[in-house]
Amino acid sequence: MGRYVIRRLLQMIPVFIGATLLLFLMVNVMGDPIAGLCGDKACDPATAAQLEKEFGLDKPVWQQYLTYMGNVFTGDFGTAFNGQKVTELLASAYPVTVRLTIVAIFFEIVVGITLGVICGLRRGRAVDTSVLVITLIVIAIPTFVTGYVLQYLFGIEWGVVSPTVSSDAPFNELILPGIVLASVSLAYVTRLTRTSIAENARADYIRTAVAKGLPRRRVITRHLLRNSLIPVVTFIGTDIGALMGGAIVTERIFNIHGVGYQLYQGILRQNTQTVVGFATILVLVFLVANLLVDLLYSVLDPRIRYA
Amino acid sequence: MRGATHAKWAAVAVAVALTATACGGGGDSGGGGGDGSGVVRSSWGDPQNPLEPANTNEVQGGKVLDMIFRGLKRYDPKTGEAKDMLAEKIETSDQTNYTITVKDGWTFSNGEKVTAKSFVDAWNYGASLKNNQKNAYFFGYIDGYDKVHPDSGSQSADTLSGLKVTGDNTFTVKLNQKFSTWPDTLGYAAFAPLPKAFFDDHDAWVGKPIGNGPYTVDSYQKGSQMSLRKWDDYPGDDKAENGGVDLKVYTDNNTAYTDLTAGNLDLVDDIPASQLKNVENDLSGRYINTPAGIIQTLAFPFYDSDWNKADSDKVRKGLSMAINRKQITETIFEKTRTPATDWTSPVLGADGGYKEGLCGDYCDYNPAEAKKLVKEGGGLPNGQVTIGYNADTGSHKEWVDAVCNSINNALDNDKACVGAPTGTFADFRNKITDKKMTGPFRAGWQMDYPLIQNFLQPLYYTNASSNDGHWSNKEFDSLVDKANAEADTATAVKTFQQAQEVVRDNMAAIPLWYQNGSAGYSDKVSNVTLNPFSVPVYNEIKVN
């Protein structure tokens, strides 16, 4: 187990370097960021040259990348164009998005798995069919539609919540955006759980458990659900990263100043430092989430062992 | 079934949210009543650059500077006329050497006196190349600028030789050319005075700017909100009539508009295009749509020989006549644009140099004449024009397509015109500076100060800073020089208009439309207006 974890952690290094390099190259091909900085007017050449020097944009890309990576390892993610340290931006944006993601994941786990279990156990009945239809609809509707509609209904028409989130973004204001962000994944979690439960419900060990006379509740939670959760956990694990990165739409609709917002601004202003900084952390989140998922397998199913 | 559960969850969520936000939600409006202590909640965009007077060249940062700074002059929020603010008097006898006297009794909000030195230090800082100030070129008319801010290489002087402090409250300015209306440019934010604190601890100052305007910065969370509060000891006569302004950063103007309709915001100064149809109804008349000092034009790449032939002006004039400005401004822009009939802006007023109809027939839609002119000019270069624009912001695609459509109809040729989008604004600017444009491209101009000079010289003078098309004309240049040397303002304006006629006769750029400022406000505030720069006049807003 210990060796497995170390091996996985070591594997992260090349992935991390590759991902940042790719990001760096991608943002760089978009053109000279300084040109956009001066608004509708042309930058005067002397100031432009000076700015390029300050941000290190006058050097070849490989050199920029090496300097950047060197700085990253000392905890310096560079400076955004508005003079703010990228680390400051990270510190202000990530907590907000993490909170939003927690709300979303909470709904996915609680609502998604509950619904999935109910449907899986009543396969083919009215409940099951209607949930399947509804999840299909939810999957088919793009997030921004759900977002604007719910925002309009709850925020303006009924006035029950504030349509936008304040700059502190406490948990209670993130419930509605969290639901919107979770909606599509929630539908997937429901369907995954349902299939898995339905399949395992016919397994030998379940029949044994029932035959032993175990209470139904215990059969479902300890035997059936635990084994059925493996594909669901895999999905939720990868979804953590996807939700954080994909929050751009939701964050825009509800005016949440999180990762999505900063990434969007960074791309619009061609701010390499911001984009690469934020995406780098996202890559790390993905990697760690995946590692956790893999480690959870052995908890859920002790037959899975790591060398 | 799942729907029901969903609704139940939502209901629970709502209940939780309601109890939790009961005090936070509606309470932060300050609720000062009509006594002038209420706080205005206004939408804002994240400023692109650090907030320094000489480094802010976009509207969002400019809003703040307008609240926390007062310069030698201030542009009247209604007429745009440059009026003395901190300037006691500005005198000259030769349009080159100016003596400026600063009024006594003004201080920064930290108590420091505003003196002649506050200005001279600020201007030297703004002009200096090593400070990377994006508005440095504003000081380009002052003697010694080429030493402090050379086009290439490093600077050979740290201060402008044309600036001299001659007393506590007086200083002299020597310009490097005659420029009679130069004092009227001094209302621009780049010319604001700066306190010692700015130079002593720059980082702290940028974190929480200190100025001499009617407001002080109470708190500034970068990227999310700036709270400005009324400065009670403000010595000027344009004191704030509200308790303060909270500027909230919005990621999207649609969201800001949503918050306005939900009552969480008092003022939105950029109505999203998609809402223009509903805005009158939504806000029951609390909607402002007034001209601003912004003109949209189509510039031409004069460095491309195809566009710089002997008869090319006929093609350009023909294209101009092929554009149905009225129809496009009405259908696409919902009347938030006005068809242009000259190259300036109505906010200048007749005295300031705006001359309705100066463009004459060339700006009227006339398909038959358009076709004739294009033919006489030798037809479109390579048989087709492409109109360059950036696709990332400002929904330019819609109007460019409409303009092309209009040209295609007028010329009876489906392929006469196509839009040529560039992904990002930065890349678009790159192409322009690298002289890579092959056809006309969108060129917007937002005035820096309400002077006819500002609409002509930076855009059409040979090698001027924003002459993106690199048009060059000796007659125009000499008329501008002559106008700048003119002591009498009225004569200067007339001469500028003559220069503008040269622009027209060559159709150096096709004027499209004047842009309006649009804003909407809640019923909690009143006396909301937009100044000629399309920025809300915050200090005059009253909270009911």
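Here chain A is described by how far its Cα atoms reach on the three principal axes: 83, 57, 28 Å, from widest to narrowest. Projected onto their three principal axes, the Cα atoms of segment A:1-114 cover extents of 61, 35, 24 Å, largest first.
Taken residue by residue and averaged, Cβ atoms of other chains lying within 10 Å of the Cβ of B:421-428 number 6. Counts of other chain beta carbons within 10 angstrom of each beta carbon in peptide B:124-131 average 1.
Element breakdown for chain B at a 1.4 angstrom probe: carbon and sulfur atoms account for 47% of the accessible area. Which Cys residues of chain A have no other Cys beta carbon under 4.7 Å away? Here A:Cys119 come out as lacking a disulfide-compatible partner, given the Cβ-Cβ threshold of under 4.7 Å. Using 20 Å as the Cα-Cα cut-off, could you pick out the over-long pairs in B:Lys317/B:Lys371; B:Lys314/B:Lys397; B:Lys73/B:Lys103? Those over the limit are B:Lys314/B:Lys397.
Summarising the label geometry, the points placed 7 Å from Cα in the beta-carbon direction at B:Lys542 and B:Glu330 lie 3.8 nm from one another. For chain A, the longest principal axis of the alpha carbon atoms and the long axis of helix A:61-73 meet at an angle near 60°.
With a 1.4 angstrom probe, the accessible area lost at the A-B interface totals about 5200 Å².
On a 0 to 90° scale, report how tilted helix A:259-268 is relative to the longest principal axis of chain A, with both axes built from alpha carbons and the result rounded to the nearest 10. Result, in degrees: 40.
A Cβ-based charge dipole, computed about the Cα centre of the protein assembly as shown with Lys and Arg at +1 and Asp and Glu at -1, lands at about 4480 debye. With Cα atoms as the point set, the radius of gyration and Dmax of segment A:95-254 evaluate to 17.8, 56 Å.
Cross-link partners of B:Lys436 among lysines, defined as those whose alpha carbon lies under 17 angstrom from its own and excluding same-chain residues fewer than eight positions apart: A:Lys41.
Projecting the Cα atoms of A:Gly83, A:Val15, B:Val374 onto the dipole axis of the protein assembly as shown, where Lys and Arg carry +1 and Asp and Glu carry -1 at the beta carbon, places A:Val15 farthest toward the positive end. Normalised by the number of residues in chain B, the mean separation of alpha-carbon contacts (under 8 Å, six or more apart) gives a relative contact order of 19 percent. Between B:Gly517 and B:Thr290, B:Ala292, the built amide H atoms are under 5 Å apart, and every one of these is 5 or more places off in sequence or on another chain. Taking a span of 20 Å or more along the helix axis (Cα atoms) and a mean Kyte-Doolittle hydropathy of at least -0.5 as the rule, the DSSP H helices of chain B that qualify are B:2-21, B:396-411.
Annotation: average projected area of segment B:116-196 is 5.3 square nanometres, based on the convex hull of Cα atoms across all directions.
Here segment B:68-142 and segment B:344-394 have alpha carbon centers that stand 37 Å from each other. The alpha-carbon atoms of segment B:334-454, seen along their principal axes, cover 42, 37, 30 angstrom, with the largest extent given first. Annotation for A:Val110 and B:Thr99: the two label points, set 7 Å from Cα along the Cα-Cβ direction, are 7.7 nm apart. Estimated purely from DSSP H runs of n ≥ 4, each contributing -39500 (n - 2.57), the mean residue ellipticity at 222 nm for chain A is -22500 deg cm²/dmol once divided by its residues. Estimated from helical segments only, the mean residue ellipticity of chain B at 222 nm is -9000 deg cm²/dmol, where each DSSP H run of four or more residues counts as -39500 (n - 2.57). When you restrict to C-alpha pairs under 8 Å that are six or more residues apart and normalise by the size of segment A:203-307, the relative contact order lands at 28 percent. Take each peptide in A:250-256, A:160-166, B:265-271, count the other Cβ atoms within 10 Å of every residue, and average; sorted highest first, the result is A:250-256, B:265-271, A:160-166.
What dipole magnitude, in Debye to the nearest 20, does segment B:306-346 give about its Cα centre under +1 on Lys/Arg Cβ and -1 on Asp/Glu Cβ? With only Lys, Arg, Asp and Glu charged at Cβ, the dipole is about 60 debye.
Separation of segment B:471-516 and segment B:226-249 by C-alpha centroid, Å? Using only Cα atoms to place each centre, the spacing works out to 39 Å. Taken about its Cα centre, segment A:147-240 carries a charge dipole of roughly 960 debye when the Cβ of each Lys and Arg holds +1 and the Cβ of each Asp and Glu holds -1.
With a cut-off of 12 Å between beta carbons, the residues surrounding B:Pro195 carry a summed charge of -1, where Lys and Arg count +1 and Asp and Glu -1.
Helix A:126-140 and the long axis of chain A differ in direction by around 10°, with both axes built from C-alpha atoms.
Note on B:Val165 and A:Thr67: with the Förster distance fixed at 45 Å, the Cβ-Cβ geometry gives a FRET efficiency of about 0.60. Applying 1/(1 + (r/R0)^6) with R0 = 30 Å to the Cβ-Cβ distance of A:Asp58 and B:Ser305 gives a FRET efficiency near 0.40. Relative contact order of segment B:360-510: 17 percent, from C-alpha pairs under 8 Å at least 6 residues apart in sequence.
Inter-part distance, segment B:191-218 to segment B:421-436, computed on C-alpha centroids, equals 35 Å.
Amide H to amide H distances under 5 Å link B:Gly388 with B:Ala420, B:Phe441, B:Arg442, where only residues 5 or more positions off or on other chains count and H is placed in the peptide plane. For the residue pairs A:Lys85/B:Lys130; A:Lys85/B:Lys113; B:Lys431/B:Lys482; B:Lys89/B:Lys196, alpha carbon separations beyond 27 Å are given by A:Lys85/B:Lys113; B:Lys431/B:Lys482.
The values are calculated or read from the model by the stated rules, or taken from the named source; none is laboratory data. Note that the coordinates shown come from a computational prediction; the quantities given were computed from them, not determined experimentally. Neighbour counts are summed over all protein chains in view; Cβ atoms, including those assigned to glycine, are modelled from backbone coordinates with ideal geometry. Side chains included, ligands, DNA and RNA excluded: accessible areas come from the protein's heavy atoms. Shrake-Rupley method; radii C 1.70, N 1.55, O 1.52, S 1.80 Å.
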